[in-house]
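*Asks:* The structure under discussion is supplied below as structure tokens; questions concerning it will follow.
The values are calculated or read from the model by the stated rules, or taken from the named source; none is laboratory data. Model, not experiment: these values are computed from the prediction. We place every Cβ from the backbone using ideal geometry, glycine too, and count neighbours over all the protein chains shown. Please note that ligands, DNA and RNA were not included when accessible areas were found on the heavy atoms of the full protein model with its side chains. Shrake-Rupley method; radii C 1.70, N 1.55, O 1.52, S 1.80 Å.
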Amino acid sequence: MRVGRGRRRLAALAWMLVLPGLLSSGCGERTPRQPSPKKAAYDGPAKPPEKLDVDGTTIVVGDPKAPVTVHLYEDPRCPVCQEFEVTGGGPALRTLTQRRETKTEYTFASFLDGKVGGGGSKRAVNALRAALEAGKFAEYHAVLYRHQPAEAVDGYTNALLLKLAGKVAGLRGPAFDSAVKTMKYREFVDRSERAFDRAGADTPRGLGTPAAVINGVQMPDEYFGMLFDRKAFTRFLRLMRYQPGQWPS
């Protein structure tokens with residue numbers, strides 16, 4: 001992560017002041033409307049579609065016609081990304097994606113390898129790309145964050161990545177195992193890191209992780225704390241669906 005926990009805590013205090021007024025004033029101003037018909041959630045064996053976008057670096061999960069798009073920037077070794085994915089807004093975002101209310105896009109950085117040493121981020125991003133090829137990206141992504149090693153340990157070894165893949169039904173096999181062991185998607189890993197750097201080129205310190213761009217607008221610092229509150233993040237994404245004008249320009 002390029003931003004510390006202190007920034008997250010300060011941002012959390014800020015959004016607690018901002019969000020209630022935003023939600024209440026917004027709801028009071030808009031003209032009441034009939035709720036739109038709800039699309040059925042993917043259920044049973046069905047799951048949200050996942051694909052590599054035409055840009056070659058963005059992994060897209062969910063209904064292409066979903067009204068809200070959340071683009072996440074993450075480094076697999078980032079502990080704050082784990083906090084988001086495991087105990088923060090990540091589970092809520094997965095639920096909304098399952099319900100076709102959002103689609104989620106991912107760009108993966110690997111800068112922590114250079115910052116704290118090792119190659120675990122690159123190996124994990126390569127494995128995630130291999131999981132996408134097998135149609136198991138979303139499940140494997142969730143497993144990796146639930147079992148994330150300590151940031152400084154460089155624990156995402158090939159052995160651990162393969163072991164964790166065993167927790168996803170149908171993922172292990174000759175193609176996946178070979179892709180992990182040989183870094184088959186090294187070019188994807190490098191392109192993704194460059195895409196991450198470009199996304200933060202207009203900010204003084206570059207992007208931190210996690211970072212969220214919602215409906216094409218980067219989440220400002222004062223909203224950052226919402227990423228770690230499931231209920232608030234859910235409410236905010238639904239606000240974005242019905243009141244896109246409430247998002248600051």
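*Asks:* If I filter region 181-220 down to residues being polar (S, T, N, Q) and surrounded by 14 or more Cβ atoms within 10 Å (Cβ to Cβ), which single residue comes out as modelled with the lowest pLDDT?
*Replies:* Here the answer is GLN218.
*Asks:* Please go through (1) at pLDDT 90 or above; (2) of a type in the set (A, V, I, L, M); (3) open to solvent by less than 20 Å² (accessible area, probe 1.4 Å) for VAL116 and return the number of the only condition it doesn't satisfy.
*Replies:* (3)
*Asks:* Could you tell me whether ARG123 is open to solvent by 10 Å² or more (accessible area, probe 1.4 Å) and farther than 24 Å from ARG198 by Cβ?
*Replies:* Values: open to solvent by 10 Å² or more (accessible area, probe 1.4 Å): yes; farther than 24 Å from ARG198 by Cβ: no.
For ARG123, the condition - open to solvent by 10 Å² or more (accessible area, probe 1.4 Å) and farther than 24 Å from ARG198 by Cβ - is not met.
*Asks:* Go through (1) polar (S, T, N, Q); (2) farther than 24 Å from LYS115 by Cβ; (3) in contact with a Lys or Arg (Cβ under 9 Å, 6 or more places away or on another chain) and name the single condition THR209 misses.
*Replies:* With (1) polar (S, T, N, Q); (2) farther than 24 Å from LYS115 by Cβ; (3) in contact with a Lys or Arg (Cβ under 9 Å, 6 or more places away or on another chain) applied to THR209, the lone miss is (2).
*Asks:* If you scan region 160-199, which residues turn out to be within 20 Å of the chain's Cα centre (by Cα) and of a type in the set (Lys, Arg)?
*Replies:* Result: ARG191, ARG194, ARG198.
*Asks:* For the condition among the small types (Gly, Ala, Ser), outside any loop (DSSP other than H, G, I, E, B) and crowded, with 19+ Cβ neighbours inside 10 Å, what is the one hit in ALA130, ALA159, ALA175, ALA142?
*Replies:* Within the list ALA130, ALA159, ALA175, ALA142, the selection yields ALA130.
*Asks:* Would you call LEU164 open to solvent by less than 30 Å² (accessible area, probe 1.4 Å) and closer than 18 Å to PRO76 by Cα?
*Replies:* Yes, satisfied.
*Asks:* In region 145-156, what residues are open to solvent by less than 70 Å² (accessible area, probe 1.4 Å) and closer than 20 Å to GLU50 by Cβ?
*Replies:* If we filter region 145-156 for residues that are open to solvent by less than 70 Å² (accessible area, probe 1.4 Å), which is where we start, we get 145, 148-151, 154-156.
The answer is TYR145, and nothing else.
*Asks:* Which residue is surrounded by the most Cβ atoms within 10 Å (Cβ to Cβ), if the candidates are limited to region 52-84 and must be free of Cβ contacts under 8 Å to residues at least 60 places away in the same chain and of a type in the set (D, E, K, R)? Break it down into steps so the answer makes sense when it comes.
*Replies:* To start, the set of residues in region 52-84 that are free of Cβ contacts under 8 Å to residues at least 60 places away in the same chain comprises 53-54, 60, 62-66.
Filter again for of a type in the set (D, E, K, R), leaving 53, 63, 65.
Numbers: ASP53: 12, ASP63: 17, LYS65: 8.
Only one residue tops the list, namely ASP63.
*Asks:* Contact list please: Cβ distance under 9 Å, first residue in region 224-240 and in contact (Cβ under 8 Å) with a residue 40 or more places away in the chain, second residue open to solvent by 10 Å² or more (accessible area, probe 1.4 Å) and basic (Lys, Arg), pairs at least six apart or on different chains.
*Replies:* The qualifying pairs are PHE224/ARG7; PHE224/ARG8; GLY225/ARG8; GLY225/ARG9; MET226/ARG235; LEU227/ARG8; PHE228/ARG8.
*Asks:* If a residue has to be under 28 Å from LEU164 (Cα atoms) and part of a helix (DSSP H, G or I) to count, how many in region 178-223 make the cut?
*Replies:* 16
*Asks:* Out of THR95, THR69, I need the residue that is more than 27 Å from ALA152 (Cβ to Cβ), among the polar types (S, T, N, Q) and assigned to a helix (DSSP H, G or I). Which one?
*Replies:* THR95
*Asks:* Moving on. Return the pairs, sorted by first residue and then second, in which the second residue is open to solvent by 10 Å² or more (accessible area, probe 1.4 Å) and among the aromatic types (Phe, Trp, Tyr), the first residue lies in region 85-114 and is under 19 Å from MET226 (Cβ atoms), the beta carbons are less than 6 Å apart, and the residues are 6+ apart or on different chains.
*Replies:* Pairs that qualify, where the first residue is under 19 Å from MET226 (Cβ atoms) and the partner is open to solvent by 10 Å² or more (accessible area, probe 1.4 Å) and among the aromatic types (Phe, Trp, Tyr), are GLY88/PHE228.
*Asks:* Next question, about the same structure. If you check ALA142 against the conditions, is it touching a Gly at 6+ places or on another chain (Cβ under 9 Å) and of a type in the set (Gly, Ala, Ser)? Talk me through it step by step, then tell me what you get.
*Replies:* On the way: touching a Gly at 6+ places or on another chain (Cβ under 9 Å): yes; of a type in the set (Gly, Ala, Ser): yes.
So ALA142 passes the test.
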